[in-house]
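Take a look at the structure set out below.
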Amino acid sequence: SDESIKEDSQSNLTPAQQKYLNAKKYVKFFLVADHIMYLKYGRNLTTLRTRMFDTVNIVNLILQRINIHVALIGIEIWSKEDKIIVQSVPDVTLKLFATWRESVLLKRKNHDNAHLLTGINFNGPTAGLAYLGGICKPMYSAGIVQDHNKIHHLVAIAMAHEMGHNLGMDHDKDTCICQAKACVMAGTLSCDASYLFSDCSRQEHRAFLIKNMPQCILKKPLKTDVVSPPVCGNYFVEVGEDCDCGSPAT
């Protein structure tokens, strides 16, 4: 039966690893939008903030499927000018952003993971880039995502995909399956993109957690730290919300 298979796969874990796996996990997330994003959304901070909040809300819904809650604890919009030189070569931009995040942002605001949402068009078909297994590491817990589609759901899937890399997941191979045509960690983002992680992603993520036991994601964010407008159903009781009723309908 499924139950016995599950027990077998867990029997070789130490008590500490078992405890770690069962613990609730929270990615305290910081999202930055670059100057091109500011211009793209008509220099309207409210419009851009809403875009950022809506995107992260979906990222949270996607990651909840693997028992991770994404709490947006900070946003920054580079409305005056970019704080790094954002370029269409994704590797370079990721490195610059990660360096800025470690040397500037982390010193100002404690958080677990940061992404840059950019309006630039990356070379080639790249929609984003992130460091594999970088979560909780000062230099490597970072990703960049192109605001590549009017439909924020597709941008959110790209962001969840990059966060998936940070959490130890690689691209799906042809043999990987989820209950949809395309899973979150598919190598290419298609219109068939779903909110579902493949069997491979789940195994890779679990193996990564057991091996590395990243500590920063065990700490629950403070209610006062969560910045997104209160949404009933993200499992955080936020300022402006008295109780939480579970998952919002999608």
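Nothing in this text is a laboratory measurement; each read-out follows from the coordinates by a stated rule. Since this is a predicted model, take the numbers as computed values, not measurements. Neighbour counts run over all protein chains shown; Cβ positions are idealised from the backbone, glycine included.
Report ³J(HN,Hα) in whole Hz for each residue of the range 116-131, in order, from the Karplus equation J = 6.51 cos²θ - 1.76 cosθ + 1.60 where θ = phi - 60°; Gly and Pro get x.
9, 9, 10, x, 6, 9, 5, 4, x, x, 4, 9, x, 7, 8, 7
To the nearest 10 degrees, how steep is helix 199-212 against the longest Cα principal axis of the chain, on a 0 to 90 scale?
Long axis of 199-212 versus the principal axis of the chain: about 90 degrees.
Could you pull out the pairs from LYS40/LYS181; LYS109/LYS211; LYS28/LYS173; LYS107/LYS211; LYS25/LYS150; LYS19/LYS219 whose alpha carbons sit more than 21 Å apart here?
Details: LYS40/LYS181 32 Å; LYS109/LYS211 28 Å; LYS28/LYS173 29 Å; LYS107/LYS211 28 Å; LYS25/LYS150 31 Å; LYS19/LYS219 14 Å.
With Cα atoms farther than 21 Å apart: LYS40/LYS181; LYS109/LYS211; LYS28/LYS173; LYS107/LYS211; LYS25/LYS150.
Would you mind counting up the charge near THR188? Only other residues with Cβ under 15 Å from its Cβ, with Lys and Arg at +1 and Asp and Glu at -1.
Result for the local shell: -3.
Once you place label points 7 Å from the Cα toward the Cβ at ARG206 and GLN179, how far apart are they in nm?
1.7
For the range 214-225, in order, what is each residue's ³J(HN,Hα) by Karplus, 6.51 cos²θ - 1.76 cosθ + 1.60 with θ = phi - 60°, in whole Hz (x at glycine and Pro)?
Working through the residues one at a time gives x, 7, 4, 7, 7, 7, 6, x, 6, 3, 6, 8 Hz.
Quick one: what are the phi-derived ³J(HN,Hα) couplings along the range 160-175, Karplus 6.51/-1.76/1.60 with θ = phi - 60°, whole Hz, x for glycine and proline?
Result, ordered by residue: 5, 4, 5, 5, x, 4, 4, 9, x, 9, 9, 5, 5, 8, 4, 7 Hz.
Would you mind calculating the relative contact order of the chain from Cα pairs under 8 angstrom and at least 6 residues apart, reporting the percent as a whole number? Intermediate values should be presented prior to the final figure.
Details: 446 pairs, mean separation 50.5, N = 250.
Computed over the chain, the figure is 20 percent.
Over all Cα pairs of the range 17-220, how is the pair count split among 10 Å bins, expressed in % and running from 0 up to the last occupied bin?
Histogram of Cα-Cα distances, whole percents per bin: 9, 38, 38, 13, 1.
Share of antiparallel DSSP beta bridges in the chain, in percent to the nearest 5? Don't skip to the answer; put the middle values down first.
Values: 4 of 24 bridges.
The antiparallel proportion sits near 15 percent.
Which of the peptides 161-172, 12-23, 46-57, 216-227 is most tightly packed, and how do the rest follow, going by the mean number of other Cβ atoms within 10 Å of each residue?
So the order, starting with the most tightly packed, is 161-172, 46-57, 216-227, 12-23.
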